[in-house]
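Each value in this text was obtained by applying a stated rule to the coordinates, not by laboratory testing. Note that this is a predicted model, so its numbers are computed, not measured. Cβ coordinates were reconstructed from backbone atoms using ideal geometry, including for glycine residues, and neighbour counts include every protein chain displayed.
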Amino acid sequence: MFLLLLALLAPGEGWTLEEAAARVADIDGVPVESIQAERVDGPVVSTATLIATGRDEIRRCYVVNLTDGHIAGIVALGVDCDPPTEVPPTDEARLEAIARATARRLIGERADALLWDTEGASQSTVTYVGRSEEQPGAGPSECRVDLRRRDGALLEFSHSPYYPPTSEARLQAADATGVAEAHFGEPDAVVASEPALRRHRGRPIWTLALFSEAACRYSEYDIDAVTGALVCVSPASLAPPLAPSASPTAEPASTSAPWALYGGIVLLCAIALGLFLLRRRLT
């Protein structure tokens, strides 16, 4: 889930942690002093993760985009979703109205262009999804609202770009590699994982990985195949899972460590067997 929330955000330093906390306090109707807030500075984005207990006594985690302060995602923590013994009749129109009002409260006028539908319902929860087509100055988007059926309490919310399943990739693999290399910034960068085209909720995405032996860095990239924008970048690590070899004649890695482990296991078994036989002789 949090991997999906990172993809929603864009680079920027527009909002402070205090302003993000004030935004959540205004939404949840709680004192700002009661909110636990933490700033997360990633390789591409800066976000605020905030924990607040609302007036409905539900504890929620908020992710706030520090570029413009909009709420990118909300998840209710430790909520009881089990239906009561006797499930009362559900007013579907009332729940959909709550979902629409929630979206309007969290993303403002952008919610007015959403076309809503039900996408998944159980005896205890219901999910509403609103999608909009591309508009001047804004791309298509998708808003998901999960509600507890018995009282309409908000369980989960997300707002992300949306591409219909018919969307075609405009970038080639070489273009996506160039975008990743420009961000990676290491002159000796090599492709550790070849670009692969996949889809996430209809959105075509190029996924690839780069490795630098000189800098001992490895990063994985998700790149929008329509716009060329960076969607997600993994935190740089000290070494890749399988570092590519720069030389075709490079010697294989030493296998002494596994054999040493097996030898140790055999030795311990032999000692245990010896002690067992010795005890039998003494008795």
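Using the Cβ-Cβ distance between Trp116 and Val190 with R0 set to 45 Å, the FRET efficiency works out to roughly 0.45. At full extension, Val40 and Glu109 could sit 22.1 nm farther apart than now, given 0.36 nm per residue minus the alpha carbon distance.
Net charge in the neighbourhood of Glu186 (other residues with Cβ under 15 Å of its Cβ; Lys, Arg +1, Asp, Glu -1) is -3.
How high is the FRET efficiency from Cys216 to Leu17, r the C-beta distance, R0 25 Å, rounded to 0.05? Intermediate values should be presented prior to the final figure.
Working: r = 32 Å, r/R0 = 1.27.
Efficiency computed from Cβ-Cβ geometry: 0.20.
The charge dipole of region 173-233, taken about its Cα centre with unit charges on the Cβ atoms of Lys, Arg (+1), Asp and Glu (-1) only, comes to about 420 debye.
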